[in-house]
Amino acid sequence: MITSRPRIVDLSEVEPNTRRGGDLRALLTPATVGSTSGFMGVAIIQPGDRIGEHYHPHSEEFVYVVCGQLEVDLDGEPHPLQPEQGLMIPAHMRHRFRNTGKVESRIVFHLGPLAPTPPEGHVDTEETGPLPVTGS
């Protein structure tokens, strides 16, 4: 039995979420397309910016690097990520993404299964205020 209908969602239709650093846009979600098993989006990270450390207690996260040079900290251990690489982050693993290059980075992410409620799906482990300004 099909409970939802196919729907195309353009990146421009989704408001940027910058609360945790970067520009996160959840495109395909229960609210936007009626998904029931997970959600998918894009993270746009400018040079020197990052997405603050967090974890997902109910979901695995699948990441694909579209462009840019990134470093991901997994439970505090840094790992480089290059374009055309994928990464699976197990549930409960703390992670943070940092753009270490000179151009914008973009990653596609998918989380599944869904948490029981949206607030239970994401646990921040650091504050993500403005980054310090560095001289060139």
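The values are calculated or read from the model by the stated rules, or taken from the named source; none is laboratory data. Worth saying up front: this structure is predicted, and the values here are computed from it rather than measured. Please note: Cβ atoms are built from the backbone with ideal geometry, for glycine as well, and neighbour counts cover all protein chains shown. These accessible areas exclude ligands, DNA and RNA; they are computed on the full protein's heavy atoms, side chains included. Shrake-Rupley method; radii C 1.70, N 1.55, O 1.52, S 1.80 Å.
Please report the net charge: other residues with Cβ closer than 15 Å to the Cβ of Gly68, K and R +1, D and E -1.
Working: positive: Arg50, Arg98, Lys102, Arg106; negative: Asp23, Asp49, Glu71, Glu84, Glu104.
Counting the neighbours of Gly68, the net charge comes to -1.
Sorted by mean Cβ packing within 10 Å, highest first, what order do the peptides 50-57, 33-40, 119-126, 9-16 take? Each step should come with its number before you reach the end.
Details: 50-57: 18.6, 33-40: 15.4, 119-126: 12.6, 9-16: 11.0.
Ranked by mean Cβ neighbours within 10 Å, highest first: 50-57, 33-40, 119-126, 9-16.
Once fully extended, how much extra length lies between Gln85 and Ala115, figured as 0.36 nm per residue of separation less the alpha-carbon to alpha-carbon distance? Mind showing how you got there, number by number?
Numbers: separation 30, 0.36 × 30 = 10.80 nm, distance 2.60 nm.
This chain segment gains 8.2 nm when fully extended.
With every protein chain left in place, what is the accessible area per residue of region 1-125 in square angstrom, probe 1.4 Å? Intermediate results must be reported in sequence, preceding the final value.
On the way: 6990 Å² over 125 residues.
Counting only protein heavy atoms, the per-residue value for region 1-125 is 56 Å².
Calculate one ³J(HN,Hα) per residue across region 19-31 by plugging θ = phi - 60° into the Karplus curve 6.51 cos²θ - 1.76 cosθ + 1.60, and present them in order as whole Hz with x for glycine and proline.
Result, ordered by residue: 4, 10, x, x, 10, 9, 10, 7, 7, 10, 9, x, 6 Hz.
For Leu27, which sequence-distant residues (separation of 5 or more, or a different chain) have an amide H within less than 5 Å of its own amide H, given hydrogens modelled in the peptide plane?
Met40, Gly41, Val42
With label points built 7 Å along Cα→Cβ from the Cα atoms of Val108 and Ser37, find their separation and express it in nm.
1.6
I need the peptides 102-113, 78-89 ranked by packing, meaning the mean over residues of other C-beta atoms within 10 angstrom, with the highest value on top. If you can, show how the numbers build up before the last one.
Values: 102-113: 17.4, 78-89: 13.2.
Taking the mean over residues of other Cβ atoms within 10 Å, the ranking is 102-113, 78-89.
With a 1.4 Å probe and all protein chains left in place, how much of the accessible area of the chain comes from carbon and sulfur atoms, in whole percent?
Details: 4570 of 8090 Å².
Looking at the chain in its full context, I get 56 percent from C and S.
Which whole-number percentage describes the relative contact order of region 1-116, with Cα contacts under 8 Å and a sequence gap of 6 or more? Provide the component values of the computation, followed by the final result.
On the way: 282 pairs, mean separation 34.4, N = 116.
Reported as a whole number, the value is 30 percent.
What are the residues whose amide H is under 5 Å from the amide H of Asp49, where those residues sit 5 or more places off or on another chain and H is modelled from the backbone?
Asn99
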